[in-house]
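In what follows, a single structure is set out as structure tokens and then discussed.
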Amino acid sequence: MKKIKILHWFVITLIVIFIIHFLTNMYLTFYTPGFMNFGDEHYSQFIFGYYTQFVGLTFSILSFVALFFLRKGLGVTIKKGFFNKNSSKKFKIAGKLFLVSGVLSLLWDFTLLIYSKGEILFVGSIISDILLLLIGFGLLIIADFITNGNTIQQENDLTI
């Protein structure tokens, strides 16, 4: 249980870092300093122009929401024990959100890779997207283990 508590606080720390990241991005978007004020010709090189920056932000928001569900699932696990339906539901939702975010980010990074004619810059992002997919699959597998463990625990309680 101690490791789950450590993981719970780590997820809370990640949520705080995400909030700082979002606030910084919002500030820089709406109050752009002079050295970041690019002209229209700069944005014409991007796929969606000025709005290209908001595509990555959308994927970050999906991951942010998934972290909230992961935090809630860990909190329920800490309070009610390992095998309960509520934590399983939270982990499934978090896993699905991580999967969606990972797939969309992977598609976006492949699009950028093709658009940039194969520049190596996006390889690190693609690896991060694959890691996000693995985290999503891992959470779905953990949710299945919790559901099966809950069923076995209920059967044991009935036989006793």
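Computed from the coordinates by the stated procedures, all read-outs in this text should not be read as laboratory data. Bear in mind that the values here come from a model prediction, so they are computed numbers and not experimental data. Positions of Cβ are backbone-derived with ideal geometry, glycine not excepted, and every protein chain shown enters the neighbour counts.
With the structure loaded, tell me whether residue 81 is touching a residue at least 40 places away in the same chain (Cβ under 8 Å) and loosely packed, with under 14 Cβ neighbours inside 10 Å or whether it fails that test.
no
Applying the selection to the range 55-72, what residues are hydroxyl-bearing (Ser, Thr, Tyr) and under 14 Å from residue 135 (Cα atoms)?
Across the range 55-72, the qualifying residue is only 63.
Looking at the range 130-145, can you tell me whether even one residue there is within 18 Å of residue 77 (Cα to Cα), more than 19 Å from the chain's Cα centre (by Cα), assigned to a helix (DSSP H, G or I) and not small (Gly, Ala, Ser)?
yes
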